[in-house]
Amino acid sequence: MINRRSLLKGAGVVAAGGAFTAAPAPASADSRRRTAGHAHAGGDGRAFVDPKGPRARVFDLNDASGDPDGLFATVHALLSTSTVVTGLVTTLNSDDPSSTPATDGVPIAREMLRLMGLSRSVPVYAGSDVKLANRTTPAPSDGARALIAEATRTDTSLPLYVTVGGNLTDVASAYLMRPDIASKFTLVWIGGAPYPAGGREYNLFQDPIAAQVVFNDSTIPIWQVPSNAYAQNAVGITELQLHVKPHGRIGAWLYAQLLNRLNNPPQGFPNLGEQYVLGDSPLVLLTALTNAYDPTGSGGVGSAQYDTMYAPLINTDGTYQSRSSGRQIRVYRSVDSRLIFGDFFAKLALHYG
């Protein structure tokens, strides 16, 4: 079973928004993690470990009490060694009928870590249980404060990705509490309707005001994966039965979470038949699995394709209003689902075979 504290000494990268380029990183809380019996290049039945250690940090926000796609993506991130997950924040979601959906996600995330043998390795924080009331007032939470603490660390040179597979409430709140953190991380967000029009989309409409804070008001670097791109991550239920369920307690648990979702869908949820969209999985592709030579496909050889554009204004109805100035963001139009699921299934099999 994997020991997350077993990561090798890290190698830094030039910048969170740029190509991964090896550069010596000072010893830190991240880079001092070692592999106990896993420092090898594969070939002996054990999972490959990046020999140069993690090249970036990942601080993960997801709606653990909602759609289980976030749980699959988080397990995948935790099994990846090119990045190190430094914290998990459970966020609000409209699928949880209680008044404390973010808080409800904490025991779920902790159970996931326990089944992976990582209970003492990764801290879990509750995000806000309420949406933002306006664009100037944060909704303080342990999750937002933890994000600020991670963004302002001085004991590591590893760049930081804040990956979000849900609403932007806690990112917006952290920014409103400490606007100076905007330059200290890259936001990788699963959300928003397709361009150029935009419109209603699940993650954005969890908290549209928070999306307005992040897009309209902040200067946070953004890599956005809208619904037309994340919907490409469809996988057969039978594939998950074969490649996920048999692999350890965590595999059986993930598969059970998915079946529970299918058997007890939110009100108005359609019959999905034999496939499911694990839409949060590009978070791992764009961090741990990024191609060092053409990291985001801009040269046409990478495993994800994106457009660079000025960050749009997001209207209250989720539509986009284009701008001709300001900061530029990346908007992905395709992702490599073969790489995502091939890597995930292989890691599960090798770690929990």
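Which of the three applies to the range 46-181, rounded, prolate or oblate, going by the alpha-carbon gyration tensor with a ≥ b ≥ c and a/c under 1.5 meaning rounded?
oblate
Can you give the Rg and Dmax of the range 154-283 based on its C-alpha atoms, in angstrom?
17.3, 49
By per-residue mean of other Cβ atoms within 10 Å, what is the highest-first order of 164-172, 63-71?
Result, highest mean Cβ count within 10 Å first: 164-172, 63-71.
Please work out the ratio of the alpha-carbon Rg of the range 213-340 to 2.2 N^0.38 Å and round it to two decimals. Each step should come with its number before you reach the end.
On the way: Rg = 17.6 Å, N = 128, 2.2 N^0.38 = 13.9 Å.
For the range 213-340, the normalised Cα radius of gyration comes out at 1.27.
Taking 8 Å as the Cα distance limit and 6 or more residues as the minimum spacing, I'd like the relative contact order of the range 40-165 as a percentage.
The value is 29 percent.
Going highest first, how would you order 318-330, 258-270, 219-231 by mean Cβ packing within 10 Å?
Taking the mean over residues of other Cβ atoms within 10 Å, the ranking is 219-231, 318-330, 258-270.
Using only the alpha carbons of the range 89-135, what is the convex hull's orientation-averaged projected area in square nanometres?
The Cα convex hull of the range 89-135, projected and averaged over all directions, gives 3.8 nm².
So for each of 73-83, 182-192 I average, over its residues, the number of other beta carbons within 10 Å; can you give me the resulting order with the highest mean first?
In descending order of packing, they fall as 73-83, 182-192.
Count the net charge of all other residues whose Cβ sits under 9 Å from the Cβ of residue 318, scoring Lys and Arg as +1 and Asp and Glu as -1.
For residues surrounding residue 318, the net value is -1.
Any read-out appearing in this document is the output of simple, stated calculations on the displayed coordinates, not a laboratory observation. These numbers were taken from a predicted model, which means no experiment stands behind them. FYI the Cβ positions are ideal-geometry reconstructions off the backbone, even for glycines, and counts take in every protein chain you see.
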